[in-house]
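*Asks:* Quick one: the structure is below, and I'll ask about it shortly.
No value in this document is a laboratory result; all are computed from the given coordinates. In this text the structure is predicted, and so the values were computed from the model without any measurement. Heads up, the Cβs are rebuilt from the backbone with ideal geometry, glycines too, and the neighbour counts pull from every protein chain shown.
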Amino acid sequence: MKSGKSIFFISIFFLFSLSLFGNESHLSMESRAGTLYVDDSGADGIYNHSKFAFSLSQENFDFDAGYYIGGVPGDVSVRDTKYRTELKDILYFGGFCDIGISLPLQFSLDIKTLVGMMNSLPGYLVVIPGSIAVPVYGGVQWGLNMPLDFFIKAGVYGADLSVKNKSAEVIGEGSAYCFSFNGGKRWEIQKRYAHLISADAGFFYAGSSGSVSASDELDKTFLFPYSYLHGSGAGGLSFVTFGGEYVLKGKKLSFTCDLYGFINVWSKIEYSYKATNKQSLINNLINNGSIQKGNDTVTFSNADFLLLFNSQLQYNLKTDKISAGIFIRKDFIIPYISEETKNCFSQNQGGSPSGSSSDNIDVSGLLKTILLSGISVGAKIGL
């Protein structure tokens, strides 16, 4: 509650400071909450996100800056037949700055930057109790708007990663990065209502690497056969991207929907591990404290792709001094993983190929997951 009160009073301070900047300055606040996921058992991940921004507009220059805070209280779990990962009370916060500059010959430049951090309480990471943290992440995106409503965008983002044990000691570190490039065109159709359409295509790449070493944590894990475990891995994901957005603006109602697709071009994950078996009475009968080593590479099929579809309905109110809106949003994540990739993962986990249990799919649970996941409601206010 203390952080929530701080956010409220900081925002009120900005509100009463606006008069110092004249009529071209604005304060905006947005807050939303919703479901990240709802699984077939009814478990859910509820998130909240709030953003506060200060805007200043001049003839050839626009400036926006602010901060955001959010999180997922409670447990967030990912499980399969052999392993589970569980994070608790995820919290993130950071700041952003957007600059728009008008250039000659109908060109304009947009620069967007952000920085932040993420933390979570100890949960369970595959085979050991612990948590994942992002001490710092950040990035910058450049956008160039050109005549005839063409545009190009390029972005670079990076993050430091850390793995902590139950005592909050760092036992693993890594890094992740990504960059994107896309270009497209916008259209605006003015009839009874305003219709805004955009389409683009481009390329996206993401990579990561890291390592984890655990010893004392494993001794406290009942029946886990190793007393020491070291693992390292690296991966790269590359996609051709395409997307589009449609916005319908009325006097009070507005509707937005967008679709983004990621088609795999070349992606793989490499990992290796070294483990020392526990020296206990039961384990000595089998392996006598021996050392195990292993490594493998998982390559994704070019047939794999991911679709993201989002839709939002918003009701707006506006007066001479204030504008406000409430909205409801639904996000769909639609992956397609080829049988080749499914079989590759099942072989690495020592299981039977995916698809052999298709007759056991819980249709009602699947529909519950699809319909209730990714729903959010929120409100916006501008002064």
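*Asks:* Counting other Cβ atoms within 10 Å, which chymotrypsin sites (Phe, Trp or Tyr not before Pro) in the range 118-200 have at most 16 and lie in a DSSP loop?
*Replies:* 193
*Asks:* Which ³J(HN,Hα) values in Hz, rounded to whole numbers, follow from the phi angles of the range 229-241 under the Karplus curve 6.51 cos²θ - 1.76 cosθ + 1.60, where θ = phi - 60° and Gly and Pro get x?
*Replies:* Values per residue, Gly and Pro as x: 9, 10, x, 9, x, 8, x, x, 10, 10, 9, 8, 10 Hz.
*Asks:* Could you grab the relative contact order for the range 92-173? Cα pairs under 8 Å, six or more apart, rounded to a whole percent.
*Replies:* Reported as a whole number, the value is 26 percent.
*Asks:* Multiply the residue separation of residue 213 and residue 194 by 0.36 nm, subtract the distance between their alpha-carbon atoms, and state the gained length in nm to one decimal.
*Replies:* That works out to 1.1 nm of additional length.
*Asks:* Full extension from residue 297 to residue 121: what is 0.36 nm times the residue separation minus their Cα-Cα distance, to one decimal in nm?
*Replies:* 60.3 nm
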